[in-house]
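What follows is one structure encoded as structure tokens, with my remarks underneath.
Read the figures in this text as sums done on the coordinates, not as results from a lab. Not measured: the values here are computed from a predicted model. Heads up, the Cβs are rebuilt from the backbone with ideal geometry, glycines too, and the neighbour counts pull from every protein chain shown.
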Amino acid sequence: MKRVWLLVLAASVGLNAALLWQRLAPPRAPERPPWSERVADGGPGRGPRGERGSERRGGEPMTYAEMQERRLERMAERLDLDTAQIERLRAIAFARGAEMDSLRTAAREERGRIRDLLGAAELDADAVREASQRLRGIDARIEARITDNLILEAGVLEPEQRRAYLEMMRFAGPRGGRRGR
């Protein structure tokens, strides 16, 4: 009989200790929901309908001109630009519109080609490397055009506007580098 009571007492002490431990332990971070629930609103870097910043509703890519017009609206509002500055920035932004559209299209096609090569029944590593090399060349040309535009745009802005401009740029964020990459 004593053994039964000792077992009950040990179980009671053990349960009370576990409850006390649970109560005093620091709270755990909530578990992340499954991926399917996290992307239900479009996923990271996407709008509520699933579109990325460079896509229209339905996922169709925006043209360079559409992206630049949206960007100029945000800049005019955030930087308190005057009409002359807006027109100069618009001229800079649209000077290379057709070229940027063709480069973006070429990059999108090359990425698709790489996906197809990687998904083929027989992997052709050399073809993947060649396509990747072509994509790097296209991306380098895009980055060069963007850098040129940033320099020209910064030249239009007053020093205080330039500081605000840098703050609104993606690479000026606390993480450094671009979001979503």
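Scanning segment 61-70 for residues that are in contact (Cβ under 8 Å) with a residue 12 or more places away in the chain and either among the small types (G, A, S) or not in a helix (DSSP H, G or I) (or both), which turns out farthest from E160 (Cα to Cα)?
Per the criteria, the residue is P61.
If you check every pair at least six apart or on different chains, which have Cβ atoms under 6 Å apart with a residue in segment 106-129 that is without any contact (Cβ under 8 Å) to a residue 40 or more places away in the chain and within 21 Å of I142 (Cα to Cα) first and a residue that is surrounded by 12 or more Cβ atoms within 10 Å (Cβ to Cβ) and not aliphatic (A, V, I, L, M) second?
From residues that are without any contact (Cβ under 8 Å) to a residue 40 or more places away in the chain and within 21 Å of I142 (Cα to Cα), the pairs are E110/R134.
Of the conditions (1) free of Cβ contacts under 8 Å to residues at least 40 places away in the same chain; (2) surrounded by 14 or more Cβ atoms within 10 Å (Cβ to Cβ), T147 satisfies every one except a single condition; which number is it?
(2)
Across segment 112-131, what is the total count of residues that are surrounded by 15 or more Cβ atoms within 10 Å (Cβ to Cβ) and of a type outside the set (A, V, I, L, M, F, W, C)?
Of the residues in segment 112-131, 1 are surrounded by 15 or more Cβ atoms within 10 Å (Cβ to Cβ) and of a type outside the set (A, V, I, L, M, F, W, C).
Among the residues of segment 71-95, count how many are over 24 Å from the mean Cα position of the chain (by Cα), surrounded by 16 or more Cβ atoms within 10 Å (Cβ to Cβ) and in contact (Cβ under 8 Å) with a residue 24 or more places away in the chain.
Qualifying residue count, segment 71-95: 5.
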